[in-house]
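Engineer: The structure under discussion is supplied below as structure tokens; questions concerning it will follow.
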Amino acid sequence: MTEREQTQRQGPLFGVAYAGSAFLIWGFSPLYWRFLSDVPALETIMHRTLWSFVLLFPILLLQRRWQEFSGVFKNGRLFLLLMGTTGLVSLNWFIFIWAINHKHVLQASLGYYISPLINVLLGMVFLKERLRRAQTIAVILATIGVVHLTVRYGEFPWIALGLAFTFGFYGLIRKTAPVGAIVGLTVETLILSLIAVVFLSRLFVAGTGAFLNTSTPITLLLMGTALVTAVPLLLFNLGARRIHLTTLGFMQYIVPSLFFLIAVFFFKEGVSVGQIVTFLFIWTAVAIYSIDSAVQYRHRDHMLTE
């Protein structure tokens, strides 16, 4: 076996390892954020943004992407798009951290389960993509699950829908923005960091901020939010280049599954009958969506090789 053949053979294996590591970090992240539950969600987001930029910017320079980064600020339309995605990703982060702090990890899990289905729906509405029959059934089942939880138990899953729609619109805009993942995220964190510096400086001067004013572990954990944000993203990008999209799609459900297990067994969140019924609808929808995606991908791959 030649070195090139060995590299090609090992590529998918490394891809699964990289992507799997990213999903495991994301999946176990509620445990990390729970240690910061005494810090207000907005303050945590400001630290997450600022320290992420501090970590990402040197990586961007090492990858020699300064021209691509600086070019964003010379392109008015692209910069406005990234301003929009900055607002969406910061709102997504805020909802997620707030949910962890207030013991709503089950709803966060639900949000990441339905996120791919929301992406399908947004693609149909804004990109005029046609839904296949299986996709339509999956979206209908997910909708029934959400409506059931709302009508029967009066529990509107705003956290789940907020996470799914903010991330869905974020992905939709980033899909049309001609910018790489690392460059785009660095620009987004820079934009929000300008606000974060002012916000955190005021808290520090007033002596009400958590950073350096509480315990050393809290200060270190706030700085470490950059690692929880940037490291899985880098691993995800490395993995996505080496494995099929279908494999990546199946693996993404590691995250909400771990959320669900952590919510029930670690945080002891109660699970109502209504939530179980809703999850059954969502899990069925996810299964139909995933199987359909796998079949379509294999069919397309077969057609290309003929």
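Engineer: Of 80, 222, 258, which has the largest mean-square fluctuation in a 10 Å C-alpha GNM of the chain?
Structural biologist: Judging by the Gaussian network model, the answer is 80.
Engineer: Another question, then. Please compute the contact order of the chain in relative form: average sequence separation of alpha-carbon pairs under 8 Å and at least six residues apart, divided by the residue count, as a percent.
Structural biologist: About 40 percent, as a whole number.
Engineer: Give the share of C-alpha pairs in each 10 angstrom bin for segment 93-226, from 0 to the last occupied bin, in whole percents, shortest bins first.
Structural biologist: 10, 28, 31, 20, 9, 1
Engineer: How would you classify segment 132-189 from its alpha-carbon gyration tensor, with a ≥ b ≥ c the square roots of the eigenvalues: rounded for a/c under 1.5, else prolate if a/b is greater than b/c, otherwise oblate? Intermediate results must be reported in sequence, preceding the final value.
Structural biologist: Details: a/c = 5.58, a/b = 1.86, b/c = 3.00.
Oblate.
Engineer: What is the distance, in nm, between label points placed 7 Å from the Cα along the Cα-to-Cβ direction at residue 65 and at residue 31?
Structural biologist: Calculated label separation equals 3.0 nm.
Engineer: Looking at the square roots a ≥ b ≥ c of the eigenvalues of the Cα gyration tensor of the chain, which shape do they give, rounded for a/c under 1.5, prolate if a/b is larger than b/c, or oblate?
Structural biologist: Oblate shape, in that a/c is at least 1.5 and b/c is the bigger or equal ratio.
Engineer: Once you sort the root eigenvalues of the Cα gyration tensor of segment 41-95 as a ≥ b ≥ c, which label holds: rounded (a/c under 1.5), prolate (a/b larger than b/c) or oblate (the other case)?
Structural biologist: Oblate, since a/c reaches 1.5 and b/c is not below a/b.
Engineer: While we're looking at this one, here's another question. Given the rule -39500 (n - 2.57) for each run of at least 4 DSSP H residues, summed and divided by the residues of the chain, what is its mean residue ellipticity at 222 nm, to the nearest 500 deg cm²/dmol?
Structural biologist: Calculated at 222 nm, the ellipticity per residue is -28000 deg cm²/dmol.
Engineer: Further question on the same structure: How big is Rg to Rh over segment 73-133, alpha-carbon atoms, Rh as the Kirkwood inverse-mean-distance radius? Let's see the in-between values first.
Structural biologist: Numbers: Rg = 15.5 Å, Rh = 13.9 Å.
Answer for segment 73-133: 1.11.
Engineer: Give the Debye-formula value of log10 I(q)/I(0) at each listed q (0.15 Å⁻¹), with one equal scatterer per alpha carbon of segment 1-151, two decimals each.
Structural biologist: Each listed q corresponds, in turn, to -1.21.
Engineer: Determine one quarter of the surface area of the Cα convex hull of segment 182-301, which equals its mean projected area, and express it in nm² to one decimal. Can you show the working numbers first?
Structural biologist: Working: hull surface 45.5 nm².
About 11.4 nm², averaged over all directions.
Quick note: the coordinates plus some simple rules give every number you see, no bench work behind them. Here the structure is a predicted model, which means the values were calculated and not measured. Neighbour counts are summed over all protein chains in view; Cβ atoms, including those assigned to glycine, are modelled from backbone coordinates with ideal geometry.
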